[in-house]
Amino acid sequence: MSWMDKILPAGIGQSAGERVNVPEGLWHKCVKCEAILYRPDLENNQHVCPKCDHHMRIRARERLSNFLDNEASREILSEIEPVDQLKFKDKRRYRDRISGAQKITGERDALVAMEGSLKGMPVVCTAFEFDFLGGSMGYAVGEKFTCAAQLSLSTGVPFICFSASGGARMQEALISLMQMAKTSAVIEKLHQASVPYISVMTDPIYGGVSASLALLGDINIAEPDARAGFAGPNVIEQTIREKLPKGFQRSEFLLEHGALDMIVHRKDLRDTISRLLSKLSGDNWAKERDQLSEFNDESIRPRVLPPEESIDFSDS
Ligand SMILES: [Zn+2]
């Protein structure tokens, strides 16, 4: 505080352009439009800014509770815990980082898995908790994802993942990277068994998690304006020494360039994914739901071409 501030009465001397600190608690400032928002209203709006439609980060449990039918969902695989196999230490011990993140989030690690239903259709659903060490994937995340997907595989129930992650967890080194092979392999098994896997990318999704599970969905969905990629834009710019185009790695850019199948507003995720699953499952479940309007097929591009249209690369 300057000497001028000390002698002036409270509230006087603050310039109009001066930054206003918003007290934590009842109010939240939108990072995009800077509107001051009443937190209960924001929660009712699934953490989407009512002024500018910015999709804010949302906690994993809140995400799952908004998405699944409340009465029929239950947590699974909660016994899986992180393991500090390498006794890793940088500025802090990895074990201390884990316990710190557990205290902050109330989660054992960065992935929450639930078995439940979506508009009456049974599903297995996972969501990343970004506040737990940046949603990074170590043993516990990889194991929980794989076990949840295997549950889908054994029961034939569709699998859904909401991802938000900075990538692999460096403190687990090779053990973390091995999770990529594990998660990719189980997704391929789902694919071979024709069990639908829907991936929903939420801001931000990068590194090993985007490469090994988030971009491998039968349908790859992203929320509006979400950042998704492998390396971040700064690293790419420094490597190729070129200015990247506007909106690079944002959902809209990725959709335009074929990396995504669709962008879906958070409030529409339940309706859209239930329609997609009814189409992919090919059962009579959706036919009974005449209140749902027909899904627009033109907005989906299949991930895999039918065999007769596949491109033969053998000569190249
Ligand atoms: Zn806003």
Flagged in the range 250-269 as surrounded by 15 or more Cβ atoms within 10 Å (Cβ to Cβ) and under 15 Å from the mean Cα position of the chain (by Cα), in numbering order, are 250, 251, 260, 262, 263, 264, 266, 269
Note: among 108, 95, just one is within 30 Å of residue 29 (Cα to Cα), surrounded by fewer than 22 Cβ atoms within 10 Å (Cβ to Cβ), touching an Asp or Glu at 6+ places or on another chain (Cβ under 6 Å) and without any contact (Cβ under 8 Å) to a residue 40 or more places away in the chain, namely 108
Going through the range 207-224 in order, the residues found to be farther than 15 Å from residue 269 by Cβ and touching a helix residue (DSSP H, G or I) at 6+ places or on another chain (Cβ under 9 Å) are 208, 209, 211, 212, 213, 216, 218
Check: Does the range 26-46 include one or more residues that are modelled with pLDDT under 95, over 30 Å from residue 126 (Cβ atoms) and either away from the ligand (no atom under 16 Å from the Cβ) or in the same structural domain as residue 171 (by TED's automatic domain parsing) (or both)?
Finding: yes
Sole miss for residue 56 among (1) among the hydrophobic types (A, V, I, L, M, F, W, C); (2) at pLDDT 95 or above; (3) away from the ligand (no atom under 16 Å from the Cβ) is condition (3)
**Meets criteria (of a type in the set (S, T, N, Q) and in contact with a helix residue (DSSP H, G or I) (Cβ under 8 Å, 6 or more places away or on another chain)) for residue 46** = yes
By residue number, the members of the range 129-147 that are under 21 Å from residue 95 (Cβ atoms), in a helix (DSSP H, G or I) and not basic (Lys, Arg) are 133, 134, 135, 139, 140, 141, 142, 143
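Among the residues of the range 62-83, write down those that are of a type outside the set (S, T, N, Q) and in a helix (DSSP H, G or I). Steps first, answer last, please.
Step one: filter the range 62-83 for residues of a type outside the set (S, T, N, Q), giving 62-64, 67-69, 71-72, 74-77, 79-83.
Of everything in the range 62-83, those that are of a type outside the set (S, T, N, Q) and in a helix (DSSP H, G or I) turn out to be 62, 63, 64, 67, 71, 72.
Can you confirm whether residue 120 is of a type outside the set (S, T, N, Q), under 18 Å from residue 198 (Cβ atoms) and surrounded by fewer than 16 Cβ atoms within 10 Å (Cβ to Cβ)?
Values: of a type outside the set (S, T, N, Q): yes; under 18 Å from residue 198 (Cβ atoms): yes; surrounded by fewer than 16 Cβ atoms within 10 Å (Cβ to Cβ): yes.
Criteria met by residue 120.
The values are calculated or read from the model by the stated rules, or taken from the named source; none is laboratory data. Remember, it's a predicted structure, so these values are computed and weren't measured experimentally. Heads up, the Cβs are rebuilt from the backbone with ideal geometry, glycines too, and the neighbour counts pull from every protein chain shown.
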